[in-house]
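Just so it is clear, none of the values below were taken in a lab; they were calculated from the coordinates. On a predicted model such as this, the values are computed, not experimentally measured, just so you know. Glycine also receives a Cβ, built like all others from the backbone with ideal geometry; neighbour counts cover every protein chain displayed.
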Amino acid sequence: MDAAVLNAFWISVKVATCATILCVPPALLLGRWLARGTTRGRSVIETLCALPLVLPPTAVGFLLLALLGVDGPLGREGVGLDLLLTWQGAVLASAVMAFPLVLRGARSAFEAVDPRLERMGESLGMSRPAVWMRISLPLARRGLIAAAVLGFGRALGEFGATLLVAGNLPGETQTMSLLIWEDIQLGETSRALTLVGLTAILAFVLLFIVERLSRSAGRATR
Amino acid sequence: MKLDVRLVLDAFELEVRFEADTRAVGLFGPSGAGKTSLLECVAGWRKPSVGRIEVGGRVLYDSASGVSLAPHERGVGYVPQDGLLFPHWSVERNLRAAEHGRGVPEDALATAIEVLELGPLLSRDVATCSGGERQRVALGRALASKPEVLLLDEPLGALDRPLRRRILPYLVRATEAFDLPLLFVSHDPTEVQAICSEVVVIEGGRHVAQGGPAAVLGAAERAGTDFENVLRGVVEFDEEGRAHLALDGGVRVEVPARGAEAGATAMYGVRADDILLALAEPVGLSARNCLHARVERLDADGQDVLLTARCLGPLGKPGPLLRASLTLGARRELGLAVDGGVQLVFKTQSCHPLG
């Protein structure tokens, strides 16, 4: 296999893995809060978090560019982050795009846990954190893994926001989606087809895992 | 135990106030009466609109002084109708669940396993346990957590009647072995009589009666069509190897010798339908029990009559209350009336062990 394809494959996997790791902890906490909390304003927060699902990826990329730019609040002269045109920038862009999917999955996974089981844990003297660790998380784990896998898949296929934030630097930030785009631009259709086949196989495997986990999650949580 | 609870739900209002000095209190009433909501208020799963909940001298909730202990601080052992076992754990891990909370004393765990005969189930996955086994595990989990009060919400309600009767002795033994303050919700008069020393009747969210189980549950409107008398006493054997149950007032009832243990306190059930009535002691009859009694109540429901009679001992001492069912025609023919004498006749084999 062509070195550029292999490079793009590993960069995609690295970026998607790091993006998943980045968005899972906040998605767990927020998902749990959305599933069980009673505070007003939950729907406003949930809508805000879902925006990247419906906004054009280029719009999200542009916002990130504005935030991470040299003059931006998170940029070199702001908080001091220097992520533009780096693979870490691609991670951030992919994480932002994948977050709503992971959050929705986490929320559904926690909602599927019978709240009476959590109350029973409390009645046996468990503190809230103990109930979370011993009951909620283990019972929701299949749904949570499915959510993370879905997020990984979304991050793997990210294109628009990544292109704007991290550019398309071969061996640095060039992911499979960016290489497909470049190959089509340059008329390298056979390599583009190889990449499409590779991404299709990956997507199938990931969706198959999600499907299996989602089916068994319903049985395991009650 | 002092409960004063007002809880307003969407289409229902619960307002119950009672005080009970006995250890085991039954909450009796039809489905939808508010019994489970009341128990959930005690467990801290629901917050009353106003009120005060005091169990064993501890105030768990008091709206006036702003006290409202969190569920994990209340020290309750709760057994709901469906057991609510943790599905991702084995039976043993479920029994040890409180290790992550208020702790599981090894002696309490050992007693729970022994009394409820859970030893053979320990390594099983809870999903493979039958309904009766699941309820025994749920009860064991609550008892092993060394609670300060036990809340049992129809723990046998999801089981069919024969299974309920098989599990009842475990429940009786367990509640007696641990000797804890107990709130027991049920709409089965036999279970309430077997376990509780006092009963509070709740109907439509209101407290409508309170008293000893035999007196309160024997009212025709609560006894149902299949009332079972519960006799509790000490087992004694005579020289011929026959087993007798010594009841209050010197009343003795012959019970099946098989399974009876001399000197042990035991409980037997006798269905109201299994008791015959006679005006004089019958002769030439195989039934071994013929108790002299005085009629206290006669409740008629169409052609069915439920008679409540106080058994009398050899010296006329008052013994237990028993109920017998008969038809309106039989009542007329025998001329039965309140304060009149009657003989209650039933077979030894009509007495079946409950605990």
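With a simple spin-label model that places each label point 7 Å from the Cα along the Cα-to-Cβ direction, the separation between B:D125 and A:D82 comes to 5.5 nm. Under the combined filter of DSSP loop state and at most 16 neighbouring Cβ atoms within 10 Å, region A:65-163 retains these GluC sites (Glu not before Pro): A:E77.
At a Förster radius of 30 Å, what calculated FRET efficiency corresponds to the Cβ-Cβ distance of B:A215 and B:D107, to the nearest 0.05? Plugging the Cβ-Cβ distance into 1/(1 + (r/R0)^6) gives 0.20.
Report the normalised scattering of region A:128-207 as log10 I(q)/I(0) at q = 0.24 Å⁻¹, calculated by the Debye formula with identical scatterers on the alpha carbons. Log10 of I(q)/I(0), two decimals: -1.12. Looking at chain B, the DSSP beta bridges with both ends there are about 80 percent antiparallel. In units of the rule-of-thumb radius 2.2 N^0.38 Å, the protein assembly as shown shows an alpha carbon radius of gyration of 1.38. Among B:V251, A:V102, B:V305, a tally of other beta-carbon atoms within 10 Å of each Cβ gives an order, fewest to most, of B:V305, B:V251, A:V102. On the beta carbon distance between B:D273 and B:A11, with R0 = 30 Å, the FRET formula returns roughly 0.20.
Using the Cβ-Cβ distance between B:D226 and A:R128 with R0 set to 51 Å, the FRET efficiency works out to roughly 0.65. Any idea how far the Cα center of region B:220-293 sits from the one of region A:10-60, in Å? When both Cα centres are located, 69 Å separates them. Considering only DSSP beta bridges whose two residues both sit in the protein assembly as shown, what percent are antiparallel, to the nearest 5? Roughly 80 percent of the DSSP beta bridges within the protein assembly as shown come out antiparallel. With a 10 Å cut-off around each Cβ of B:136-142, the average count of Cβ atoms from other chains is 1. Taking other residues whose beta carbon is less than 13 angstrom from the beta carbon of A:L34, and scoring Lys, Arg as +1 and Asp, Glu as -1, yields +4. The value obtained for chain A, namely the Cα convex hull volume divided by the number of residues, is 130 Å³ per residue. The mean count of C-beta atoms from other chains within 10 Å of the C-beta of residues in B:69-81, rounded to a whole number, is 4. Rounded to the nearest Hz, the phi-derived 3J(HN,Hα) couplings of region A:179-189 under the Karplus curve 6.51 cos²θ - 1.76 cosθ + 1.60 (θ = phi - 60°) are 5, 4, 4, 5, 4, 5, 4, 8, x, 7, 5, where x marks glycine and proline. Going 7 Å from the Cα of B:D179 in the Cα-to-Cβ direction, what parts of region B:102-124 have a backbone nitrogen less than 16 Å from that spot? Within reach of a label on B:D179, which here means backbone N under 16 Å from a point 7 Å along Cα→Cβ, region B:102-124 contributes B:108, B:111-112. A straight line joining the Cα centroids of region A:79-151 and region B:40-60 runs 34 Å.
Modelled label positions at B:E296 and B:A262, each set 7 Å beyond Cα in the direction of Cβ, lie 3.3 nm from each other. P(r) for region B:1-124, from all Cα pairs and a bin width of 5 Å, is 2, 9, 16, 19, 17, 14, 12, 8, 3, 0 %, short bins first.
Sum up the charges of everything whose Cβ sits under 12 Å from the Cβ of B:R242, counting Lys and Arg as +1 and Asp and Glu as -1, but leave B:R242 out. For residues surrounding B:R242, the net value is -2.
For the set B:K47/B:K146; B:K2/B:K317; B:K35/B:K317, the pairs lying more than 27 angstrom apart at their alpha carbons are B:K2/B:K317; B:K35/B:K317. Placing +1 on the Cβ of every Lys and Arg and -1 on the Cβ of every Asp and Glu, with no other charges, gives the protein assembly as shown a dipole of roughly 420 debye about its Cα centre. The GluC sites (Glu not before Pro) of region B:93-139 meeting both criteria, a DSSP state outside H, G, I, E and B (loop) and at most 16 other C-beta atoms within 10 angstrom of the site's C-beta, are B:E117. Charged side chains reduced to their Cβ positions (Lys and Arg at +1, Asp and Glu at -1) give chain B a dipole of some 140 debye around its Cα centre.
Extent of region B:206-355 along its three principal axes (Cα atoms, max minus min coordinate, largest first): 45, 44, 27 Å.
For chain B, the pair-distance distribution built from all alpha carbon pairs, in bins 20 Å wide starting at 0, is 28, 53, 18, 0 percent. Annotation: average projected area of region A:1-67 is 6.5 square nanometres, based on the convex hull of Cα atoms across all directions. Distance between the 7 Å Cα→Cβ label points at A:W33 and A:L74: 1.8 nm. Centroid-to-centroid, using Cα positions, region B:194-217 and region A:156-207 are 73 Å apart.
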